[in-house]
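**Q** What follows is a structure written as structure tokens; I'll ask about it next.
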Amino acid sequence: MSSATNLTPLELELPGPILYLQPDAEGRQLLIEFLHHDLPAFYLIDLDQKEITNELTVTTEYKNIVLKDFGEDYVLTQRFSDQNNPNSVEIFCFRWGAAEPYITLTHSQILDHGDHWIKVPHSMFVGKTVTIDLNTGASTENEYEPIPPSSDVRYPIAYSNETPYFSWFEKLLKRLGHTPVKSCEYLKQGNTILISYYVIENQKVSNHLVILDSKGEVLDRYLLAEGLKGIGKYTFFICHNHLIFITGKQTLNVIEL
């Protein structure tokens with residue numbers, strides 16, 4: 001939980017651990033993949049309105065699927081079907097609210113994808129590809145361009161304890177009574193400084209997030225996770241002016257900076 005009250009976040013507690021967060025190309029929507037009764041489930045969040053606009057739960061037949069992409073009217077997932085061949089996957093595309101997929105491809109692979117399309121290997125001709133229209137599920141001759149990453153979605157830069165910059169984090173975080181280890185993630189948004197760092201507590205690794213103003217004064221602090229075996233990557237990110245991170249494995253936090 002936060003140790004201060006300067007910033008008021010949206011806190012959405014999910015019924016199970018959060019597996020993945022993915023913003024859309026414009027950084028206005030966020031898809032959450034989480035476990036519900038040991039099955040993958042999905043929420044679509046409108047970041048401006050801070051509300052759930054769509055959701056998807058699937059049947060046990062589609063256990064172990066993982067998110068690949070999404071749109072206003074679909075969720076694209078895949079499942080690795082052959083442990084000896086990571087390039088052979090099952091592809092399932094769902095409509096929001098529908099427990100069964102409207103597109104299923106087996107022994108395939110997503111080579112490329114974009115808004116309402118995927119490119120997969122041709123089922124009969126080696127070296128050739130097919131583009132599938134996700135509106136219809138049919139192959140198409142149309143040419144599509146991948147969607148470039150949004151400049152409004154920003155991820156922090158990681159600095160390991162082997163870099164010369166790490167001493168700066170050590171001095172700064174010492175004021176908070178913490179000695180960082182392993183790595184720190186850093187991002188500046190306007191006049192706000194965001195730092196995710198790791199400390200040893202009770203002989204275990206904990207991950208913390210501190211939010212500072214341009215003068216280095218603490219605006220808020222969060223315990224992201226504790227009892228960790230290692231460190232993570234992109235423990236927070238920014239969509240437009242929204243700070244997004246997870247606490248306690250299953251609580252989504254969205255703060256408007």
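**Q** Give me the percent relative contact order of segment 156-233, please, defined on Cα pairs under 8 angstrom at least 6 residues apart. Provide the component values of the computation, followed by the final result.
**A** Working: 139 pairs, mean separation 17.0, N = 78.
Value for segment 156-233: 22 percent.
**Q** Can you give the log10 of the normalised intensity I(q)/I(0) at q = 0.18, 0.27, 0.29 Å⁻¹, computed with Debye over equal Cα scatterers of segment 40-111?
**A** -0.68, -1.24, -1.37
**Q** Using a Förster distance of 45 Å, how high is the FRET efficiency between residue 257 and residue 106, based on the Cβ-Cβ distance and rounded to 0.05? Please report the intermediate quantities before stating the final value.
**A** Details: r = 44 Å, r/R0 = 0.99.
The calculated FRET efficiency here is 0.50.
**Q** Using +1 at the C-beta of Lys and Arg and -1 at the C-beta of Asp and Glu, which of 252, 132, 110 has the Cα lying farthest in the positive direction of the dipole of the chain?
**A** It is 252.
**Q** May I ask for log10 I(q)/I(0) of the chain at q = 0.08, 0.13, 0.15, 0.17 Å⁻¹, from a Debye sum over the Cα atoms as equal point scatterers with solvent left out?
**A** Each listed q maps to, in turn, -0.38, -0.91, -1.11, -1.28.
**Q** Related question: Grab the Cα-Cα distance for residue 51 and residue 140, subtract it from 0.36 nm times how many residues apart they are, and report the gain in nm with one decimal.
**A** Numbers: separation 89, 0.36 × 89 = 32.04 nm, distance 3.52 nm.
This chain segment gains 28.5 nm when fully extended.
**Q** On to the next question. How big is the dipole moment of segment 156-233 about its Cα centre under a simple scheme where the beta carbon of each Lys and Arg is +1, that of each Asp and Glu is -1, and everything else is neutral? Debye, nearest 20, please.
**A** 100
**Q** Per DSSP H run of n ≥ 4, the term is -39500 (n - 2.57); total these for the chain, divide by its residue number, and report the mean residue ellipticity at 222 nm rounded to 500 deg cm²/dmol.
**A** Result for the chain, helices only: -1000 deg cm²/dmol.
**Q** To continue, here is another question. Work out how far the C-alpha atoms of segment 156-233 reach from end to end along every principal axis, then list the three figures in whole Å, largest first.
**A** 34, 25, 22
**Q** Which length gain, in nm to one decimal place, applies between residue 225 and residue 186 when the Cα-Cα distance is subtracted from 0.36 nm times their residue separation?
**A** Length gained between residue 225 and residue 186: 12.3 nm.
**Q** Right, another one. How high is the FRET efficiency between residue 155 and residue 123 when r is their beta carbon distance and R₀ equals 30 Å, given to the nearest 0.05?
**A** The value I calculate is 0.25.
**Q** Using the Kirkwood radius over C-alpha pairs as Rh, can you work out the diffusion coefficient of segment 15-140 via Stokes-Einstein at 37 °C, viscosity 0.692 mPa s, in µm² per second?
**A** Using the Kirkwood radius from Cα pairs, D works out to 217 µm²/s.
Laboratory data are not the source of any read-out in this text; all were calculated from the coordinates shown. On a predicted model such as this, the values are computed, not experimentally measured, just so you know. Here the Cβ is made from the backbone with ideal geometry for all residues, glycine too, and neighbour counts use every protein chain on show.
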